[in-house]
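Following this message is one structure expressed as structure tokens.
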Amino acid sequence: MATGDYAADLNEIEALDKEYVFGTWAYQSEVAPTQIVESDGVTFTDADGTEYIDFSAQLMCSNLGHSADAVADAIAEQAQNGAYFAPGFATEARAKLGEKLADVTPGNLSKTFFSTSGTEAVEAALKIAKFYTGKDKIISRYRSYHGATAGSISVTGDPRRLAAEPGIPGMIKAPDPYAYGSTLDPMESLEYIDEMLMLEGDTVAAVLVEPIVGSNGILVPPPEYLPRLKEIAHDHGALLICDEVMTGFGRTGEWFGSDVYDVTPDIMTMAKGLSGAYAPLAATTVTDEIADHFEDNMLTHGHTYAGHPVACAAGLAAVETYQKENLIERSSEMSEYLEGRIDDLADSHPSVGDTRGIGLFHGIELTKRSDGREPFGTRADKLSKGSTIVDEVAATALENGTYVANMINTLIISPPLTITREDVDAAIDAIDVALEVSDSAMDA
Ligand SMILES: Cc1ncc(COP(=O)(O)O)c(C=O)c1O
């Protein structure tokens, strides 16, 4: 596995990749791609034959693991029978997947626009909210990620937005429900949003949130937060958009993060787990009322690959697999065990500052000081060259056979929903060893 000196030890494919393909969100000189040759169950294997437990489901998306044969078969069958038809034609996979999403999403969410990435799902949500309300502004939060293109990066709050600023106008940022790291109590941060909406006048189309913040640190709000947020948004004539790109499809132990709080948003975005990452597929689903609006108001939006038949076939087979294999329930059941093992890590490693999570979606936040919060990785580091101690912890876990994603100051644990207790134990053992790196880097 290539680490350290970025150009050293690359095999032929890795070197070709480094030369001809851009690495994402990276200084290209620092890109050191590792060639993966196969995957199976909750593991994947590099070109040297080393196997790793996938403790983050790649980018928090391979919710079905890597052996969902029904999805692979559905893709092959659709590709052979009709790989592509323009969005103006109906296909069985798209129609039935639309019906399925109306079924598994909460409340009266009923009609879907399909696209190919979480980014595009958010772009569609922003346009739909503006068309429906006739208003222009969006309130989102600082510790958030909603996508990489003009609109979705403008509503993103994390440091990745800075290079794209000023972004599109009217995108306003609010504080977050982050009990460990913010000066505001989570419920105070919510009342702040109420005040923001009042001060903006009747100009805000929607409030956009991840029901449980994902890449910005697995921030789980108190139970009353999301219902109250919907109330506040509606009181001010704004919609609630829940970005479920990461929290959807069993990640939280429920179908969606919104279900955890018993809230039906006006618009929901999905991607990642929607196809179990077997194909690029995303969805923007709206309530009956919003759907009705577009009966006689044009939906001025679309893509060549909107509702791509192969991707929709993957999505339909994926949702059927969640259902047939009871994976949502499994995520909820496995949660307690995973949480217990994470607590063990917190008990034995002084550099674990905070742990939080729900379902199979957990974060381990590190600290330099045992008497308080002093992050090893900051938002500024995210844009700097070089690696942080948090990166080194993740690299050490990898050397010990476990892949765990990390962002800013938090390790993100979000395994495939098919993970067993034995795999959890093996992965926790690797992180246990890796946390010695941060323990020994703590301030004296
Ligand atoms: C909550 C959320 N929204 C949107 C996106 C963007 O999705 P994509 O990378 O598929 O464009 C992500 C990606 O991580 C995400 O976590």
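Name the residues in the stretch 155-174 that are under 15 Å from VAL207 (Cβ atoms) and more than 10 Å from the ligand (Cβ to nearest atom), would you?
The answer is GLY157, GLY170, MET171, ILE172, LYS173, ALA174.
If you don't mind, another one. Looking only at the stretch 394-416, which residues are open to solvent by 30 Å² or more (accessible area, probe 1.4 Å), under 15 Å from ILE218 (Cβ atoms) and polar (S, T, N, Q)?
If the condition is that a residue be open to solvent by 30 Å² or more (accessible area, probe 1.4 Å), under 15 Å from ILE218 (Cβ atoms) and polar (S, T, N, Q), then ASN406 is the only one that fits.
Let me confirm something: among ALA47, ALA57, ALA79, which residue is touching a residue at least 12 places away in the same chain (Cβ under 8 Å) and in the same structural domain as GLY307 (by TED's automatic domain parsing)?
ALA79
State all residues of the stretch 48-79 that are assigned to a loop (DSSP other than H, G, I, E, B) and buried (at least 17 other Cβ atoms within 10 Å of the Cβ); if no residue qualifies, say none.
Matches in the stretch 48-79: PHE55, SER56, CYS61, SER62, ASN63, LEU64, GLY65, HIS66, ALA68.
Another question, then. If you check every pair at least six apart or on different chains, which have Cβ atoms under 8 Å apart with a residue in the stretch 86-107 that is closer than 23 Å to GLU289 by Cα and among the polar types (S, T, N, Q) first and a residue that is open to solvent by 80 Å² or more (accessible area, probe 1.4 Å) and in a loop (DSSP other than H, G, I, E, B) second?
none
Checking MET298 against (1) open to solvent by 40 Å² or more (accessible area, probe 1.4 Å); (2) touching a residue at least 12 places away in the same chain (Cβ under 8 Å); (3) of a type in the set (A, V, I, L, M), only one condition comes out false. Which one?
(2)
Given the structure, is PRO309 within 16 Å of the ligand (Cβ to nearest atom), touching a helix residue (DSSP H, G or I) at 6+ places or on another chain (Cβ under 6 Å) and not polar (S, T, N, Q)?
Considered against the rule, which asks whether it is within 16 Å of the ligand (Cβ to nearest atom), touching a helix residue (DSSP H, G or I) at 6+ places or on another chain (Cβ under 6 Å) and not polar (S, T, N, Q), PRO309 comes out as no.
Right, next: Would you pick out the residues in the stretch 252-273 that are of a type in the set (D, E, K, R) and farther than 18 Å from PHE114 by Cβ?
GLU254, ASP259, ASP262, ASP266
Oh, and also: Test of understanding: among ILE364, ILE419, which residue is open to solvent by less than 20 Å² (accessible area, probe 1.4 Å) and farther than 15 Å from GLY217 by Cα?
Checking each option against the conditions leaves just ILE419.
Would you call SER110 within 13 Å of the ligand (Cβ to nearest atom) and in the same structural domain as ASP262 (by TED's automatic domain parsing)?
Considered against the rule, which asks whether it is within 13 Å of the ligand (Cβ to nearest atom) and in the same structural domain as ASP262 (by TED's automatic domain parsing), SER110 comes out as no.
Here is a further query. Scanning for something within 16 Å of the ligand (Cβ to nearest atom) and either open to solvent by 20 Å² or more (accessible area, probe 1.4 Å) or assigned to a loop (DSSP other than H, G, I, E, B) (or both), does the stretch 91-98 turn up at least one residue?
For the stretch 91-98, residues within 16 Å of the ligand (Cβ to nearest atom) and either open to solvent by 20 Å² or more (accessible area, probe 1.4 Å) or assigned to a loop (DSSP other than H, G, I, E, B) (or both): absent.
Hey, another quick one. In this structure, is TYR142 open to solvent by 10 Å² or more (accessible area, probe 1.4 Å) and within 16 Å of the ligand (Cβ to nearest atom)?
Criteria met by TYR142.
Go through (1) modelled with pLDDT under 95; (2) open to solvent by 50 Å² or more (accessible area, probe 1.4 Å) and name the single condition ASP391 misses.
So ASP391 meets the others, but not (1).
Sort out which residues of the stretch 245-275 are more than 12 Å from the ligand (Cβ to nearest atom), crowded, with 24+ Cβ neighbours inside 10 Å, within 16 Å of ASP103 (Cα to Cα) and not hydrophobic (A, V, I, L, M, F, W, C), and write them in order of number.
GLY250, SER258, PRO265, ASP266, listed by residue number.
If LYS135 meets every condition in (1) charged (D, E, K, R); (2) within 16 Å of the ligand (Cβ to nearest atom); (3) open to solvent by less than 50 Å² (accessible area, probe 1.4 Å) apart from one, which number is that one?
(2)
Shifting gears a bit: Residue check: is SER370 more than 28 Å from TRP25 (Cα to Cα) and either touching a helix residue (DSSP H, G or I) at 6+ places or on another chain (Cβ under 8 Å) or crowded, with 21+ Cβ neighbours inside 10 Å (or both)?
no
Being open to solvent by 50 Å² or more (accessible area, probe 1.4 Å) and part of a helix (DSSP H, G or I): is that true of ASP432 here?
For ASP432, the condition - open to solvent by 50 Å² or more (accessible area, probe 1.4 Å) and part of a helix (DSSP H, G or I) - is met.
Now for a different question. For the stretch 276-295, how many residues are within 12 Å of the ligand (Cβ to nearest atom), out of contact with any Gly (no Cβ under 9 Å at 6 or more places or on another chain) and open to solvent by less than 40 Å² (accessible area, probe 1.4 Å)?
So the count comes out to 1.
Another question, then. Take the stretch 233-244 and flag every residue that is away from the ligand (no atom under 16 Å from the Cβ) and either charged (D, E, K, R) or outside the structural domain of PRO222 (by TED's automatic domain parsing) (or both).
Correct list: ASP235 only.
So for the stretch 21-41 (the condition being under 20 Å from GLU320 (Cα atoms) and open to solvent by less than 60 Å² (accessible area, probe 1.4 Å)), does at least one residue qualify?
yes
Looking at the stretch 190-213, I want the residues that are open to solvent by 10 Å² or more (accessible area, probe 1.4 Å) and have a partner that is of a type in the set (Val, Ile, Thr) and part of a helix (DSSP H, G or I) with Cβ atoms under 9 Å, at least 6 apart or on another chain. Which pairs are those?
Within 9 Å, the pairs are GLU191/ILE232; ASP194/ILE232.
The values are calculated or read from the model by the stated rules, or taken from the named source; none is laboratory data. Note that the structure is predicted; figures quoted are calculated from it, not measured. A quick note on method: Cβ atoms are made from the backbone with ideal geometry, for glycine too, and the neighbour counts reach across all protein chains shown. Side chains are part of the model used for accessible areas, which takes the heavy atoms of the whole protein and leaves out ligands, DNA and RNA. Shrake-Rupley method; radii C 1.70, N 1.55, O 1.52, S 1.80 Å.
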